[in-house]
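See below for the structure under consideration.
The values are calculated or read from the model by the stated rules, or taken from the named source; none is laboratory data. The structure displayed is predicted, hence computed values, not measured ones. Backbone-built Cβ (ideal geometry, glycine too); neighbour counts: all protein chains shown. Accessible surface areas use protein heavy atoms only, side chains included; no ligands, DNA or RNA. Shrake-Rupley method; radii C 1.70, N 1.55, O 1.52, S 1.80 Å.
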Amino acid sequence: MNRKLIFFETVVCLGLSFVFTGCSASKVSANKDSDTAPPVAQVEPDMDASNFKVDHPDQFPVVTAGSHVAAPELNVTGVTSPDVSNQVPVISTATGRVVEIDARVGDEVKKDQLLFKVKSTDIAGAFSDYRKAVVAESLAKKQLDRAHILLSDGAIPTSQLEIYQSAEDSAQVDVQTAKSHLEILGVADPEHPVDIIEVHAPVSGVITDQEIANGAAVQSYSPSNATTGAYAFTISNLSDVWVLCDVYENNLASVHMDEYADVRLNAYPDRVLKGRISNIGQILDPNLHTAKVRLELKNPGIIRLGMFATATFHGDQAVNRATVPSSAILHLHDRDWVYTPAPDNHFKRLEVTSGVNLPNNMQEVISGIKPGDRVVSNALVLQSTVEQ
C-alpha cells in the first residue's frame, strides 16, 4: 500500500513539473517576441481633423517630391455633333399624305435611295395645267400655219403673222413650264401621271433627323413654310464631325483659334484624335459662365453622334510640377491626398490634384505640393493606422 502511494505521488509531481516548465517557457517566448517586434504606433488626433500625432513616426518613411517639366494642359468635356455644313434636308416635292416610309432615323443611306412615298392631289392639278397648255399650244400652231398660207396669198400683212408667231412661242413656253412642274413633283412620264410621289435621298449619309410618320400629312417646300417642319428627313455626312466643349471663363486664355487639341472618346479612351479649334463662342452661358468651343476633326469611322469626349488643350509655356511615388497619393472620397510630416511627430493630410502617370511608378502632382516638399511614401499605410 505504501509503495502504491509513493508511486502515485511521484507521477503527480512529475506532471506538475511539466506544467510549470511549460508556463515558464511560454512566458520566456512572449518576452522574447515583445523585445523584437516594433512598437505599435499610437495615433492621437489633433483639433484639426487632417492633423495627426504619431508616437513612432519613423515607421512611416518620407520621400522628397521631385520635379517634372511639362506643358500646361486644360481638360474639358464635350459632346460629338454633326457638322451643319454637311447636313442636307430632305423635302417632300408635293403636299399630301405619307403612305410608305422606307428609311428611319439612324439609318445609313446611299444617294438616290428611296426614302418615302406620298399620295398627293397636287399631281391632278399639275397634270390638268399640262394638258391645257398642250391644247393651247396645238391651237396656236394651227393658227400660225394658217397665217403663213394667208401671208403667201397676200391676204394678211407680215405684222399679223408676227402676232401668231408670238402666240405660238408663248404656248410652247407654257407647255414646257407645266411639264417641268410635273417633273418637280416626281412624275417621270407626263403623259401617264400617277398620284404617288417617290422621294429619294439627295446625298449619301446618315439620317440624323426624322419629322414624318406613316399616315402623316406633309407639305411641299416653299419659302413660307421653310421653318414649320417642311423637312421630312435630315441627312448628315459624318466624315467630318464637331466636338462642342464647355470651357470656363477663367480658362479661355488657354484656348486659341486654329490650334489643335487631343480628343479622347469615352468609348475609346486609348485612342487619341486631333481636333482643330474652329470657333470660340462669343456669348457665355449666363448660369455657368462657360463658352462653347468647337473642334473639327475627321471621323475615322468610330465616332457616333452624341458621344461624350474629353478634349485636352496644350499651353505654350512649360511648367515645373512635383512628382511623387504613386503610393504616396491616397485616393479617398473622389479626391487625392498626401501626408506631409510636421513638427512634434505630427503628420498633416493635404489635398492635391494628380496629373499623368510617369515611368517607374511615379505620379505627377499638378497642385497641392511643390518640388522639394516631403511626403509619406505610402499614404495608405498611414491612413489605415489612423482609422484603427
**Complete:** In nm, the gap between the two label points placed 7 Å beyond Cα toward Cβ at residue 138 and residue 163 is 2.5
**Asked** From the cross-link list 110/292; 111/298; 111/292; 111/274; 111/179; 292/370, which pairs have alpha carbons spaced over 23 Å apart?
**Response** 110/292; 111/292; 111/274; 111/179; 292/370
**Request:** List the equivalent ellipsoid semi-axes of segment 293-379 in whole Å, largest first, each obtained as the square root of 5λ for an eigenvalue λ of the Cα gyration tensor.
**Result:** 35, 15, 12
**Item:** Kirkwood-based shape ratio for segment 96-170, expressed as Rg/Rh from alpha carbons
**Value:** 1.43
**Prompt:** Across segment 47-191, how large is the tail of the calculated P(r) beyond 23 Å, expressed as a percent of all Cα pairs?
**Reply:** 70
**Complete:** For segment 240-332, the Cα-Cα pair-distance distribution in 5 Å bins from 0, as whole percents, is 3, 12, 20, 18, 16, 15, 9, 7, 1
**Request:** Any chance you could look up the accessible area of residue 351 with a 1.4 Å probe, heavy atoms only, rounded to 10 Å²?
**Result:** 90
**Message:** Can you give me the solvent accessible area of residue 97 with a 1.4 Å probe, rounded to the nearest 10 Å²?
**Reply:** 110
**Prompt:** If you project the alpha carbons of segment 172-214 onto the principal axes, what extent comes out on each, in Å, largest first?
**Reply:** 43, 21, 15
**Asked** Which ³J(HN,Hα) values, rounded to whole Hz and listed in residue order, are derived for segment 213-219 from phi using the Karplus coefficients 6.51, -1.76 and 1.60 in 6.51 cos²θ - 1.76 cosθ + 1.60 with θ = phi - 60°, glycine and proline given as x?
**Response** 8, 4, x, 7, 7, 10, 10
**Request:** Could you pull out every residue, at least 5 positions away or on a different chain, whose amide H is within less than 5 Å of the one on residue 363? Hs are placed 1.01 Å off N in the peptide plane, and Pro or chain starts have none.
**Result:** 324, 326, 358
**Complete:** For segment 121-278, inverting the pair-averaged 1/r of distinct alpha-carbon atoms gives a Kirkwood value in Å of 22.2
**Request:** Mind ranking 268, 248, 130 by accessible surface for me, highest first, 1.4 Å probe?
**Result:** 248, 268, 130
**Item:** Approximate spin-label separation residue 100-residue 239, in nm, with each point projected 7 Å along Cα-to-Cβ
**Value:** 3.1
**Extended-chain gain in nm, criterion 0.36 nm per residue less alpha-carbon gap, residue 370 and residue 287** = 26.5 nm
**Message:** Per residue, how big is the convex hull of segment 63-122 when only Cα atoms are used? Give it in Å³.
**Reply:** 198
**Asked** Across segment 123-210, how large is the tail of the calculated P(r) beyond 17 Å, expressed as a percent of all Cα pairs?
**Response** 60
**Prompt:** Name the residues of segment 78-107 whose amide N is less than 11 Å from a point 7 angstrom out from the Cα of residue 214 along the C-beta direction?
**Reply:** 99-102
